[in-house]
Amino acid sequence: MKGLIVINANGFSEESFKQVSALKSKFDERSVAIDIRTNSDLLTYIDSDGNIFKDHLMKYDFVVYLDKDPYIAFLIQKLGIRMFNSASSIYLCDDKMLTHIALANSNIKMPKTIASPLVYDHFHEDDFKKKIMKELAFPLIVKEVYGSLGLRVHLINDEYELDNIMKKLERVPHIYQQFIKSSYGVDIRVIVINHKVVVKMKRIAKDDFRSNIHLGGRGEKIDLDPRFSKMAIDASKILGLDYCGVDILIGEEGEPILCEVNSNAFFDHISKISGVDVAKTYVDYIIKCMNRKKKGTKL
Ligand SMILES: Nc1ncnc2c1ncn2[C@@H]1O[C@H](COP(=O)(O)OP(=O)(O)O)[C@@H](O)[C@H]1O
Ligand SMILES: [Mg+2]
């Protein structure tokens, strides 16, 4: 069995280095050969005959796709190579609005969410702004649809701040969202593999409305309310994810409200505070899937 891990060409952040190393060493322990390539040096493309160039890829039985680049993901998937996660799941998770749309009408509570209109040119922002203010009270949340680590999520307190962010993001796909006050600086992160909860933590911000570990938040062990587990599992099933980290906000009555789903959630911190070996669980699952695939049975 031979696998490929695909990472982004931007290189390693400390977190992604830990992620790749942990997975690689678990594959090594199971004697599964792994190559690591970036989405740029992989050079997968459509040939002038209209077919996907595949010579360098057909030696792989599976791909663990730790990047979000949908083009390379869809090209690899079209060759019939098993992807962890699938290209379409990665695509839906990468765009926060597409995630909310995919999960809508499925009994999953979410903050009221409005997509910014995607426009070719300048449009009457004032009318749209009035609609936003009618639908959402201040403070409200504005998020770029592509973003992670809390870096592109903003708390907007008044019309002046709304004006500024609307100008700044005029050409950037983004969403306007109800701010869940009861979840200020705290949320629940749940790692789900094969539609089962593997580990969970409460994330508590240092001094911010965002609880991301990257922004200085810390994780704490918790007993998970079954409503939160159900939400995380349901989301992973609807989005068709082998692996994911689901962020869940806490409503006024303590109820779960879905924030976002990460197809590539980092597991170093959550593994450390919980003692759960997430890399091993994921690698064991991948190998089991591939063995079943060989035998022609599905996991
Ligand atoms: N609607 C919201 N209400 C309250 N807090 C929110 C809301 N959306 C996001 N947050 C906070 O901001 C953090 C980052 O938002 P998230 O959507 O998970 O983006 P990222 O991909 O950058 O992590 C969340 O973990 C949560 O603490
Ligand atoms: Mg998040």
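The values are calculated or read from the model by the stated rules, or taken from the named source; none is laboratory data. Note that the structure is predicted; figures quoted are calculated from it, not measured. Cβ atoms come from the backbone with ideal geometry, glycine included; neighbour counts cover every protein chain shown.
Observations on the structure shown:
- Of all residues making up the range 223-246, the number that are surrounded by fewer than 20 Cβ atoms within 10 Å (Cβ to Cβ) and of a type outside the set (S, T, N, Q): 11
- Residue match in the range 220-240 (condition: more than 30 Å from K288 (Cα to Cα) and not assigned by TED's automatic domain parsing to the domain that holds K143): yes
- Looking only at residues in the range 110-164 that are surrounded by 15 or more Cβ atoms within 10 Å (Cβ to Cβ) and of a type in the set (S, T, N, Q), the one that is nearest to ligand 2 (Cβ to nearest atom) is S148.
- Qualifying position, being modelled with pLDDT of 95 or more and either in contact with a Lys or Arg (Cβ under 6 Å, 6 or more places away or on another chain) or more than 22 Å from G251 (Cα to Cα) (or both), among L136, L98: L98
- Yes/no for K131 being within 30 Å of I250 (Cβ to Cβ) and without any contact (Cβ under 8 Å) to a residue 60 or more places away in the chain: yes
- Test result for S183, surrounded by 23 or more Cβ atoms within 10 Å (Cβ to Cβ), at pLDDT 95 or above, within 15 Å of ligand 1 (Cβ to nearest atom) and not aliphatic (A, V, I, L, M): no
- When M97 is tested against (1) surrounded by 15 or more Cβ atoms within 10 Å (Cβ to Cβ); (2) of a type in the set (A, V, I, L, M, F, W, C); (3) free of Cβ contacts under 8 Å to residues at least 12 places away in the same chain, just one condition goes unmet, and that condition is (3).
- Test: V261 is hydrophobic (A, V, I, L, M, F, W, C), in a helix (DSSP H, G or I) and either within 19 Å of S211 (Cβ to Cβ) or more than 16 Å from ligand 1 (Cβ to nearest atom) (or both): no
- Considering each residue of the range 49-61 in turn, none proves to be out of contact with any strand residue (DSSP E or B) (no Cβ under 7 Å at 6 or more places or on another chain), aliphatic (A, V, I, L, M) and in a helix (DSSP H, G or I).
- Residue match in the range 168-177 (condition: within 8 Å of ligand 1 (Cβ to nearest atom) and touching a strand residue (DSSP E or B) at 6+ places or on another chain (Cβ under 9 Å)): yes
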